[in-house]
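Worksheet: the structure to be examined is printed underneath.
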2 protein chains.
Amino acid sequence: MLIEESIRFYGAKINELLKDLIPPDRNDYLCEPIWHHMRTGGKRVRPALCLITCEALGGNHLEAVNFALAIETMHNMFLIHDDIEDGDTVRRDQPTVWVKYGVANAINAGDYLLACAYKTTLASPISVEKKIKLLQVLTTTYEKTVEGQALDINARAAEDFSVAKYMEMVELKTGYYLACGMVGGAVVSGVSEKVLEKIWMLGKTMGPAFQIRDDLIDLTHGKGRGGVIGSDVKEGKASFLYSYALQVACAEDKKHLREIMLKPRDETTDTDIQWVLDVYNKYGAIQHAQEFAEDLVRQAYKTIDEIPLENKAIFKEIASFMAQRMS
Amino acid sequence: MLIEESIRFYGAKINELLKDLIPPDRNDYLCEPIWHHMRTGGKRVRPALCLITCEALGGNHLEAVNFALAIETMHNMFLIHDDIEDGDTVRRDQPTVWVKYGVANAINAGDYLLACAYKTTLASPISVEKKIKLLQVLTTTYEKTVEGQALDINARAAEDFSVAKYMEMVELKTGYYLACGMVGGAVVSGVSEKVLEKIWMLGKTMGPAFQIRDDLIDLTHGKGRGGVIGSDVKEGKASFLYSYALQVACAEDKKHLREIMLKPRDETTDTDIQWVLDVYNKYGAIQHAQEFAEDLVRQAYKTIDEIPLENKAIFKEIASFMAQRMS
């Protein structure tokens, strides 16, 4: 089966099992807001990769299903909380949870999703030793993602934001989360600690590569919201391009750039966005970002070569699938 | 050692250990808001009761310290999130975290505390079997408290709020959390499942008893905020008295009562509060609440009698300590 097909197959499975964990029709102020959010979509790629990794390394994917569900619920918890934190009002053409149900219910629904993540992991049909390992993977991922979010929330206002700080932020915010499904699947299959370390490392390069490409898409093709160029500039998002420009721009450009990033979303004009685009081009930020991301992907392939396993072809397939999706 | 002394002793210990888990001087947008909140006080009663229970049942309290810390960090996570959810601007004379650091940092700091709760439990110096049990206790408490909070957030607007719904809400929101420290301490000491069940049951009566007394204090002595009577009415809090009055009042009184509870805090006048107090007196709500709470305390003592253990004196001491604090 091609990896795209596997992802579709296991993703659909995850979608069904999510309904057992969080019944869509339970009327308790929790399941309704959660399903309003979960129905907006998501391809369940990371939980699918968890099951695919487990099988490819010789494990039984049925033993990894609980953890796959945990990843998906934790992911959605982050999305619901992030939407409040970023003040985002729309996600995939639907009002975000806090807009529809209020901030109080949105925070609490997110909290509930995390409880579900731990509950389902604790119910995994595996040995206590493996269960503890999965709970460690889940907790580390949760902790590091929150640490990354803390840097993200406060980055746009920081005067000394830089490429190094950007990388620290996205390694935390996207790296662990990208790897945790594969790590969990590998834990269930019973591989060594050394293999797990390499998979974590893979996240640290693939995650940022993915994020930088995402930053670029905003300036080249525009994001989901009607293909508008420069949403990130409007939101004052601390992108790779922003971090690089702050590092290399002259004092005057730097000052004006920060002013635009700190403006409330509604006050950022099209002229502002064009000015930022021009500055990014002037300093070669876009070109640099592309090269930087390509270099990270090269590092990721190198890490895969170092995984001490015979049957590691799956990681190359996953990396190439991700690299394709990103371009 | 008297129980009050034990609580002070172990509470101070918890305070010190919290600084290792969450360094107060780590400059990362997480520890600062968390310590701004944690410095506002708290006697660390529940984590202290965890250690006291563990020792009293023949366990080594050093093995329960991680879990005691987890309870305290989870508790503070709930307080930080609750303050946003309830729109509370002041806690113990200090601005709440969301007021001082913004909603985004407050949500994220709460999320971080929960990560710390799991991290420290996973690091407990005990067998994997006991560790899994503690993680189950933590997760159940977290899940049920969130479910209770969901009912609380939406109770004031519910037309059919009743004593039964109040009890469901506070059993979830306060019952599990009250018991979880004792349950965790008991798990570490190695008692049977039957004992654990009884301690959970203890929470289901002591928690609501505690909460009803808290509701009464608001109308008799006033709460921390300068001893003002009727803060709960101003906030539209779904108290025992409100639930009872909704059940027994005539249609006209019920309608006006709901109108006052649904008013924004700033628009609730002193005349409104006096009117509510008069209605509560008219229907004997205060008297009924006192009797209801006393009955719950009696049930709690009965549950203690049923604990299948020789050395269960500690639970009577804890119950009597709590009953005293509540009166």
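The values are calculated or read from the model by the stated rules, or taken from the named source; none is laboratory data. Keep in mind it's a predicted model, so treat the numbers as computed, not measured. Cβ coordinates were reconstructed from backbone atoms using ideal geometry, including for glycine residues, and neighbour counts include every protein chain displayed.
Residue check: is A:Ala323 hydrophobic (A, V, I, L, M, F, W, C), in the same structural domain as A:Leu178 (by TED's automatic domain parsing) and closer than 17 Å to A:Ser239 by Cα? Please lay out each step first, then the result.
Numbers: hydrophobic (A, V, I, L, M, F, W, C): yes; in the same structural domain as A:Leu178 (by TED's automatic domain parsing): yes; closer than 17 Å to A:Ser239 by Cα: no.
So A:Ala323 does not fit the description; no.
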Original post:
Considering only residues of the stretch B:190-230 that are surrounded by fewer than 20 Cβ atoms within 10 Å (Cβ to Cβ) and hydroxyl-bearing (Ser, Thr, Tyr), which is nearest to B:Thr271 (Cα to Cα)?
Top reply: B:Thr220
**OP:** Please go through the stretch B:156-170 and pick out each residue that is surrounded by fewer than 21 Cβ atoms within 10 Å (Cβ to Cβ) and assigned to a helix (DSSP H, G or I).
**Re:** B:Val163, B:Ala164, B:Lys165, B:Met167, B:Glu168
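Just to be sure before I move on: is A:Gly185 surrounded by fewer than 24 Cβ atoms within 10 Å (Cβ to Cβ), in contact with a Ser or Thr (Cβ under 9 Å, 6 or more places away or on another chain) and small (Gly, Ala, Ser) in the structure I sent?
Working: surrounded by fewer than 24 Cβ atoms within 10 Å (Cβ to Cβ): no; in contact with a Ser or Thr (Cβ under 9 Å, 6 or more places away or on another chain): yes; small (Gly, Ala, Ser): yes.
Considered against the rule, which asks whether it is surrounded by fewer than 24 Cβ atoms within 10 Å (Cβ to Cβ), in contact with a Ser or Thr (Cβ under 9 Å, 6 or more places away or on another chain) and small (Gly, Ala, Ser), A:Gly185 comes out as no.
In the stretch B:133-144, how many are farther than 18 Å from B:Pro208 by Cβ and more than 7 Å from chain A (Cβ to nearest Cβ)? Working first, answer last.
Step one: of the stretch B:133-144, the residues farther than 18 Å from B:Pro208 by Cβ are B:133-139, B:142-143.
Remaining after also requiring more than 7 Å from chain A (Cβ to nearest Cβ): B:133-134, B:137-138.
Number satisfying all stated conditions: 4.
Within the stretch B:285-319, how many residues turn out to be outside any helix (DSSP H, G or I), surrounded by 14 or more Cβ atoms within 10 Å (Cβ to Cβ) and in contact (Cβ under 8 Å) with a residue 12 or more places away in the chain? Give the steps one after another, and end with the answer.
Going through the stretch B:285-319, the residues outside any helix (DSSP H, G or I) turn out to be B:307-312.
Then drop every residue that is not surrounded by 14 or more Cβ atoms within 10 Å (Cβ to Cβ), which leaves B:307, B:309, B:312.
Of the ones still in play, those that are also in contact (Cβ under 8 Å) with a residue 12 or more places away in the chain are B:307, B:309.
Qualifying residue count for the region: 2.
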**OP:** Name every residue in the stretch B:86-132 that is within 21 Å of the chain's Cα centre (by Cα), surrounded by fewer than 21 Cβ atoms within 10 Å (Cβ to Cβ) and within 11 Å of chain A (Cβ to nearest Cβ), in order of residue number.
**Re:** B:Asp86, B:Gly87
Original post:
For A:Gly175, all conditions in the list (1) in contact with a Pro (Cβ under 9 Å, 6 or more places away or on another chain); (2) touching a residue at least 60 places away in the same chain (Cβ under 8 Å); (3) crowded, with 23+ Cβ neighbours inside 10 Å hold save one; what is the number of the exception?
Top reply: (2)
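Being more than 10 Å from chain B (Cβ to nearest Cβ), under 28 Å from A:Ile3 (Cα atoms) and either surrounded by fewer than 23 Cβ atoms within 10 Å (Cβ to Cβ) or in contact with a strand residue (DSSP E or B) (Cβ under 7 Å, 6 or more places away or on another chain) (or both): is that true of A:Leu69 here?
Details: more than 10 Å from chain B (Cβ to nearest Cβ): yes; under 28 Å from A:Ile3 (Cα atoms): yes; either surrounded by fewer than 23 Cβ atoms within 10 Å (Cβ to Cβ) or in contact with a strand residue (DSSP E or B) (Cβ under 7 Å, 6 or more places away or on another chain) (or both): no.
Answer is no for this residue.
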Original post:
Which ones in the stretch A:27-73 are over 19 Å from A:Ile107 (Cβ atoms) and part of a loop (DSSP other than H, G, I, E, B)?
Top reply: A:Asn27, A:Arg39, A:Gly41, A:Gly42, A:Lys43, A:Arg44, A:Leu57, A:Gly58, A:Gly59, A:Asn60, A:Ala64
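Which one of A:Glu147, A:Glu197, A:Glu193 is within 14 Å of chain B (Cβ to nearest Cβ) and acidic (Asp, Glu)?
Numbers: A:Glu197 fails: within 14 Å of chain B (Cβ to nearest Cβ); A:Glu193 fails: within 14 Å of chain B (Cβ to nearest Cβ).
From the options A:Glu147, A:Glu197, A:Glu193, the qualifying one is A:Glu147.
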Original post:
With B:Ile71, B:Ile14, B:Ile34 as the choices, which residue is in contact with a Gly (Cβ under 7 Å, 6 or more places away or on another chain) and either touching a residue at least 24 places away in the same chain (Cβ under 8 Å) or within 18 Å of B:Ala115 (Cβ to Cβ) (or both)?
Top reply: B:Ile71
**OP:** Just name the residue that is farthest from B:Asn311 (Cα to Cα) out of those in the stretch B:37-65 that are more than 20 Å from the chain's Cα centre (by Cα) and not aliphatic (A, V, I, L, M).
**Re:** B:Glu63
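Results for (1) buried (at least 18 other Cβ atoms within 10 Å of the Cβ); (2) among the hydroxyl-bearing types (Ser, Thr, Tyr); (3) under 30 Å from B:Gly102 (Cα atoms); (4) at pLDDT 95 or above, shown as yes or no for each residue.
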{"residue": "B:Asp25", "(1), (2), (3), (4)": "no, no, yes, no"}
{"residue": "B:Leu30", "(1), (2), (3), (4)": "yes, no, yes, yes"}
{"residue": "B:Leu51", "(1), (2), (3), (4)": "yes, no, no, yes"}
{"residue": "B:Cys54", "(1), (2), (3), (4)": "yes, no, no, yes"}
Original post:
Restricting the search to the stretch B:229-261, which residues are among the hydrophobic types (A, V, I, L, M, F, W, C) and at pLDDT 90 or above?
Top reply: B:Ala238, B:Phe240, B:Leu241, B:Ala245, B:Leu246, B:Val248, B:Ala249, B:Cys250, B:Ala251, B:Leu257, B:Ile260, B:Met261
